[in-house]
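S.K.: If you scroll down you'll find the structure; I have some questions about it.
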Amino acid sequence: MQFLNETHDPELRSWVASAQHPRSDFPIQNLPFAVFRRHGVDEPFRGGVAIGDQIVDLAAALGCQLFDGDSAVAAEAAAGERLNALMALGPAAWSALRLTLSRALRTGSAAEGRLVV
């Protein structure tokens, strides 16, 4: 079976348990960018990525030393209240960020103890 790149490999598994559920809209192969804020809290929206029934807070993830190069630029752009700056960077930046996140969220990743979802 062919896939777009390693982030779409159907064999990938995540350490985020809810991402393994057969009916999950957000398995590790589908990491959509979004803005969010916690339910019931009056705080600014911020950038995140859905995985299972969780969200990776990109502003918080920046402190985990996961990103470098294009993925660092993309993570910075995506961490704010809107995704406009990320979208303006184009597909190469989106892919770099998605690849770094995919690797961090995979079973066996050293980021499991550092990345908060």
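We did not get these values from a lab; they are worked out from the coordinates using the rules stated. All of these numbers come straight from a predicted model, not from anything done at the bench. Glycine also receives a Cβ, built like all others from the backbone with ideal geometry; neighbour counts cover every protein chain displayed.
S.K.: Can you tell me how many residues within the stretch 32-81 are among the aliphatic types (A, V, I, L, M), surrounded by 11 or more Cβ atoms within 10 Å (Cβ to Cβ) and in a loop (DSSP other than H, G, I, E, B)?
M.R.: The qualifying residues number 2.
S.K.: Related question: Can you tell me which residue is farthest from Phe36 (Cα to Cα) among those in the stretch 82-117 that are of a type outside the set (A, V, I, L, M, F, W, C) and in a loop (DSSP other than H, G, I, E, B)?
M.R.: Only one residue tops the list, namely Gly108.
S.K.: Please specify each residue of the stretch 1-13 satisfying the condition of being surrounded by fewer than 18 Cβ atoms within 10 Å (Cβ to Cβ) and of a type in the set (Ser, Thr, Tyr).
M.R.: Residues satisfying the conditions do not exist here.
S.K.: Looking only at the stretch 14-29, how many residues end up being in a loop (DSSP other than H, G, I, E, B) and surrounded by 14 or more Cβ atoms within 10 Å (Cβ to Cβ)?
M.R.: Count: 7.
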